Amino acid sequence: MRVPLYDLKSQNGPLKAQILAAVERVITHQRFVMGEEIGAFESEMADYCGAEHAIAVSSGTDALLLALMANDVRPGDEIITSAFTFFATAGVIHRLGAKPVFVDIDPDTFNLAPRRLEEAITPKSKGVIPVHMYGRCAPMPEILEIAERHRLFVVEDAAQAVGARMSLGVAGAMADVGCLSFYPTKNLSALGDAGMVLAKNDALAERMRKLRIHGSPDNSEYDEVGGNFRMDTMQAAVLSIKLKRLEEWNAKRRQNARKYAERFEVGGVISERFRPPSYSDEGHVFHQYVVRAPERDALQEHLLRNGVGCAVYYSSPLHLHPCFDGYQQGDFSESETAAAQVLSLPVYPELPDEDLDFVADTVIRFFA
């Protein structure tokens, strides 16, 4: 048996007729850029997330870049973020000439640790980017309280957590600005690159709408320089179809996570050698099902050899990448340990029960 880490065909296949019809409508009206489907999808996402504004953009990375540009991030500014996340979170800070200031994570959730956040604040600090890692919301009440006391803006990186929730709200709609990604493997996935910025403030949202089209809403007068951050109309048309299924898909991911936990508990493998994630957080949408194992590389080799798709997200914490100066091994021990131990197992919504059982059995055999 072979079980892939992702199976895009199993999700897109049943929707093929609806997707093709939506694409045909766009081909018919020929508004490939900023067609009416963009506004419709923005309204749907704003309603779904409980956000005042939703601005459709070209990718999750561009969503982050646009959010920082709109918050006037300049060379010399410091933006605090997690040392353990995808490269784009820090890359956009660096692109604007600002300095990414890294902090360590909570080892149980992989999210930014609030007590580490406060320790990292300096007179140059301008904002903070908490990341909702693997589909679990970061501790936003604590982060927002610290940010408010120190007059820092907050941009949520919710690229991995569309649809995730906590008591404060929906991922991406709890802070000043939130950023989503619709990359093809995300919980809500486009047929290519696409992203979104959520915002509360009217003026900030209007500025981001202008900045996403080079700095002018009508290509007539430019009072500042933006970029080409527009979402393609076809992607919006497809995403509108898929949004109607998102709650169902996220519920299935949580169900799969619960089944894994039950199998691993019965199999007697939960220990210091193998730690699955908790599924008790009902707001967790399990973009990734990430286990921890000190023998991670051997476990991964065993799984791949037996036909189980798996991957490491992420194999190196950001502070150890050569492009970010001023850090060294040992600076953020929890992030470094996580990078050496994490492994993602298949958890996509269409995962058949027999495939999930095969994955669990293969893991259990490794530790037998």
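The values are calculated or read from the model by the stated rules, or taken from the named source; none is laboratory data. As the structure is a computational prediction, the values presented were derived from the model and not from experiment. Note that each Cβ is placed from the backbone with ideal geometry, even for glycine, and that neighbours are counted across all protein chains shown. Each accessible area value is taken on the protein alone, full model and side chains, heavy atoms only, with ligands, DNA and RNA left out. Shrake-Rupley method; radii C 1.70, N 1.55, O 1.52, S 1.80 Å.
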**Complete:** Note to self: C-alpha centroids of region 31-99 and region 173-243 sit apart, in Å, by 7
**Request:** Give me the percent of DSSP beta bridges within region 1-131 that run antiparallel, rounded to the nearest 5.
**Result:** 10
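Over the chain, give the accessible area per residue in Å² for a 1.4 Å probe, as an integer.
For the chain, the per-residue accessible area is 42 Å².
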**Contour minus Cα-Cα distance for residue 248 and residue 34 (0.36 nm per residue)** = 74.2 nm
**Message:** If you average the alpha carbon positions of region 106-145 and of region 318-351, how far apart do those two centres end up, in angstrom?
**Reply:** 16
**Item:** Backbone N within region 74-100 under 14 Å of label point (7 Å from residue 120 Cα along the Cβ vector)
**Value:** 78-94, 99-100
**Complete:** Percent antiparallel among DSSP beta bridges confined to the chain, rounded to 5, stands at 60
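Over 25 Å between Cα atoms, which of 9/244; 126/210; 16/210; 126/186; 16/200; 200/252 qualify?
Cα-Cα > 25 Å for 16/210; 126/186; 16/200; 200/252; rest within.
With contacts defined as alpha carbon pairs under 8 Å and 6 or more residues apart, what's the relative contact order of the chain in percent?
In percent, rounded to a whole number, it is 22.
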**Message:** Take residue 74 and residue 218, extend 7 Å from each Cα along the Cα→Cβ direction, and tell me the distance between the two endpoints in nm.
**Reply:** 3.0
**Prompt:** Within region 249-265, what residues put their amide N at less than 18 Å from the label point 7 Å along the Cα-to-Cβ vector of residue 357?
**Reply:** 255-265
**Request:** List the residues whose amide H sits under 5 Å from the amide H of residue 177, counting only those 5 or more places along or on another chain, with H placed 1.01 Å from N in the peptide plane.
**Result:** 154, 156
**Complete:** Note to self, the chain gives a 222 nm [θ] from helices alone (DSSP H runs n ≥ 4, -39500 (n - 2.57) apiece, / all residues, nearest 500) of -12000 deg cm²/dmol
**Prompt:** What percent antiparallel are the DSSP beta bridges of region 120-251, to the nearest 5?
**Reply:** 55
**Asked** Carbon and sulfur atoms: what percent of the 1.4 Å accessible area of the chain do they account for?
**Response** 50
**FRET efficiency, 1/(1 + (r/R0)^6) with R0 22 Å, evaluated for residue 304 and residue 94 via beta carbons** = 0.10
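If you rank 133, 1, 34 by how much accessible surface each has, with a 1.4 Å probe, what is the order from largest down?
I get 1, 34, 133, largest accessible area first.
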**Asked** Fully extended, how many nm does the chain gain between residue 329 and residue 9 (0.36 nm per residue separation, minus their Cα-Cα distance)?
**Response** 111.1 nm
